[in-house]
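Comments concern the structure below.
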Amino acid sequence: MIIDIKSTGYQNDVSRVKLYTEGKKLKAHVMTFGCQQNEADSERARGILLDMGYELSDNYRECDIILVNTCAIREHAEMKALSMLGNFRAVKKNNPDLIVGVFGCMAAEPTVMEKIKKDFHYVSFTFEPNMLHMLPSLVLAALEKSKRTFVIGEDKGDIVEGSPVYRVGDFKAWVSIMYGCNNFCSYCIVPYVRGRERSRRSEDVLSECKELISNGVKEITLLGQNVNSYRSDISFAELLERIALIDGDFTVRFMTSHPKDVSEKLILVMKKYSGKIAPYFHLPLQSGSDSILKKMNRSYDRERFISVAKKLKTEIPGLALSTDVIIGFPGETEEDFEDTMNVLREIRFDMVYSFLYSKREGTKAASMTDFVEDSAKNDRMKKLLAEQDIISYEMNQPYVGNVCRVLVESVSKRGGGDTYTARTGSNKLVHFKSDKNSIGNFINVKIEKAGAFDLFATEINNI
Ligand code: SAH
Ligand code: SF4
Ligand code: F3S
C-alpha cells in the first residue's frame, strides 16, 4: 500500500514534539553506518528532525538527540555500531535528557533488540527500516518519558511517500526507487531486515527527479537492493529512459543491480542515452564457482554471469564495470577461489569490492558447517587484492591523455586546498588543481596520470 506521510499521525506528532523544542535550540545528530540505502534514510531522518524543530549538529557530544542508523551486513559492521552506542553512555551522563534512538537494519534483528533492551538502558527507542514515519511518535514518547519502545516486525510492505528530506549535498541526490529484497542469497541478512521487494510508483519517482533537477541537482543515483528488479507500471529500463528524457544538464546512476535482471532493454537504454546515463555498472559476482554460486542461491552460473558482463562491456561505450566478491563462503576450496580469480582475470573489472564471509544468524548459510579457516580466507583475500590492483591499474591507463567531463565533488583529501576531487561518468576519482572553486559543476579535465584507484588531471578551461 502507498501511504502519504501526512495521512498518518505524523503531522500531529510533529506538532506535539514542537511544543518541547520551540525556542530551545535543541540539537540533533544522525550517524550512519552501512550502504547508500541507509544514507538516503538518514537524509529523511534529518528532514523529520528539522520538521520537529531540532537543529542539526555534526558534534554528537553536544546533542539532545542522537539517532544511529545501523548496518547488519557483516559482524564487523554490527560491532562498530554497538561500540559507538557505548560511547553515548558518557554523553547521557552529562545530559540526562539525551534521547538516543537506533534504527536501520540491526534494529530489525530480534537478538540485537534484546541486547539493546538489556545492555543499553539509555536507548529510548529502536525501529526497523521502512518505519521512519514513526519517528515523531517515538521522539514524543521519549520526551514524555513514557516507556521505551522497540518497533520490530511491524513492516507490512507499505511505501511511505511525502517524507521531508534534508540532503547533505545540493548537487548530488539519492533517490530510492525500490525497497527490500526477495532473493534470499543464502549468506545475506538483507531480506530478513529490509523485508520484501516493493517498488515506488513511477510518477512519484519521476516527479522527485524533475524537482531535484529543476533545483540544480547534477547527479541522481537511483537506489535499491536490486535496483534493476524495479517493477511498477513500467520496468526499470523504461523508468531510466523517462528520467534520461528529463530536460537539464545532469547524470543518472543506479545501484545495485542483480545479474539476473539485466535486460536487453536496459542495455539499449544505457546505450541510447549515454550522455545522461553514467557509463558505470556494478554487477556483483560473489563467486566464480558454479557449486558455490548454487550454495549461495545466486540464480545464475558462471557462464551466464560472464555473458552478461561481456555484453555490457561490448554494447556500452566507455563502460566501467565493478563487482562484489565474497571470500571464504562455507565449503569454498582453493579451486573454487581460483574459479573466482579466473572470472576476474577474464572480465577485468575496473574495481572489485571483496569481503570476507561473515556468518549471519538466521540465514541459510549460518547452518552450513564446512567453514573455511581464517588463515585460508586471509591468504585468498591478499591474493585477490594484489592481482586486482594490477588489473585496476591497467584498466585506468587508457584514460591518460583523454579529456573527460567530470563532476567536481569536493576539496581533495590529497594535496592542499587548491586540489579538488571530481568523478568521471565511469565513476573514477579524478584529482586536479584549480584556482577556482568549481564544486558542484561539470568541468573538462585532461587526464595526465593514472593509478589503480585515482586519476590525476589538469583542468581545461575552453572546451
Ligand atoms: N543487493 C546487493 C548488495 C547487498 S550487500 C546485491 O545483491 O549484490 C553488499 C555486499 O555485501 C554483497 O554484494 C556481498 O558481496 C556482501 N555480503 C553480503 N552478505 C555478506 C556476508 N554474510 N558476509 C560477507 N559479505 C557479505
Ligand atoms: Fe542480499 Fe542477495 Fe538480496 Fe543482494 S540480492 S540484498 S546479496 S539477498
Ligand atoms: Fe547494511 Fe542494511 Fe545496507 S544490512 S548494507 S545497511 S541494506
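The values are calculated or read from the model by the stated rules, or taken from the named source; none is laboratory data. Treat the numbers as computed from the prediction; the structure is a model and nothing was measured. With ideal geometry, Cβ positions are generated from the backbone for all residues, glycine too; neighbour counts draw on all protein chains shown. We work out accessible area using only protein heavy atoms, side chains counted, and drop any ligands, DNA or RNA first. Shrake-Rupley method; radii C 1.70, N 1.55, O 1.52, S 1.80 Å.
Going by what's in this entry, would residue 77 be described as more than 16 Å from ligand 2 (Cβ to nearest atom) and assigned to a helix (DSSP H, G or I)? Show your work before the answer.
Numbers: more than 16 Å from ligand 2 (Cβ to nearest atom): no; assigned to a helix (DSSP H, G or I): yes.
Criteria not met by residue 77.
Only one of 200, 196 is within 30 Å of residue 238 (Cα to Cα) and open to solvent by 20 Å² or more (accessible area, probe 1.4 Å); which? Even if it seems obvious, please write down each step before you answer.
Values: 200 fails: open to solvent by 20 Å² or more (accessible area, probe 1.4 Å).
The match here is 196.
Among the listed residues 131, 178, identify the single one that is within 16 Å of ligand 3 (Cβ to nearest atom) and in the same structural domain as residue 67 (by TED's automatic domain parsing).
Numbers: 178 fails: in the same structural domain as residue 67 (by TED's automatic domain parsing).
The conditions single out 131.
Give the residue, chosen from 335, 387, that is of a type outside the set (Lys, Arg), surrounded by fewer than 14 Cβ atoms within 10 Å (Cβ to Cβ) and over 24 Å from the mean Cα position of the chain (by Cα).
Working: 387 fails: surrounded by fewer than 14 Cβ atoms within 10 Å (Cβ to Cβ).
Selected residue: 335, the only one of 335, 387 that is of a type outside the set (Lys, Arg), surrounded by fewer than 14 Cβ atoms within 10 Å (Cβ to Cβ) and over 24 Å from the mean Cα position of the chain (by Cα).
Test each condition in (1) small (Gly, Ala, Ser); (2) closer than 19 Å to residue 191 by Cα; (3) open to solvent by 40 Å² or more (accessible area, probe 1.4 Å) for residue 257 and report the one that comes out false.
Residue 257 satisfies every listed condition except (3).
Filter region 260-274 down to residues that are more than 16 Å from ligand 1 (Cβ to nearest atom) and not aliphatic (A, V, I, L, M) and give me whichever is surrounded by the fewest Cβ atoms within 10 Å (Cβ to Cβ).
The qualifying residue surrounded by the fewest Cβ atoms within 10 Å (Cβ to Cβ) is 264.
Would you be able to say whether some residue in region 18-33 is open to solvent by 40 Å² or more (accessible area, probe 1.4 Å), at positive phi, in contact with a helix residue (DSSP H, G or I) (Cβ under 9 Å, 6 or more places away or on another chain) and small (Gly, Ala, Ser)?
Checked region 18-33: no residue is open to solvent by 40 Å² or more (accessible area, probe 1.4 Å), at positive phi, in contact with a helix residue (DSSP H, G or I) (Cβ under 9 Å, 6 or more places away or on another chain) and small (Gly, Ala, Ser).
Listed residues 209, 188; which is in a helix (DSSP H, G or I) and crowded, with 17+ Cβ neighbours inside 10 Å?
On the way: 188 fails: in a helix (DSSP H, G or I).
One residue alone meets the criteria, 209.
Residue by residue, here is whether (1) touching a residue at least 12 places away in the same chain (Cβ under 8 Å); (2) open to solvent by 20 Å² or more (accessible area, probe 1.4 Å) holds:
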residue	(1), (2)
301	no, yes
305	yes, no
313	yes, yes
321	yes, no
330	yes, no
341	yes, no
349	yes, no
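Identify all residues within region 230-248 that are out of contact with any strand residue (DSSP E or B) (no Cβ under 7 Å at 6 or more places or on another chain) and either surrounded by fewer than 20 Cβ atoms within 10 Å (Cβ to Cβ) or within 30 Å of residue 297 (Cβ to Cβ) (or both); write none if there are none. Show your work before the answer.
Initially, region 230-248 is screened for residues out of contact with any strand residue (DSSP E or B) (no Cβ under 7 Å at 6 or more places or on another chain), giving 233-239, 241-242, 245-248.
Across region 230-248, the qualifying residues are 233, 234, 235, 236, 237, 238, 239, 242, 245, 246, 247, 248.
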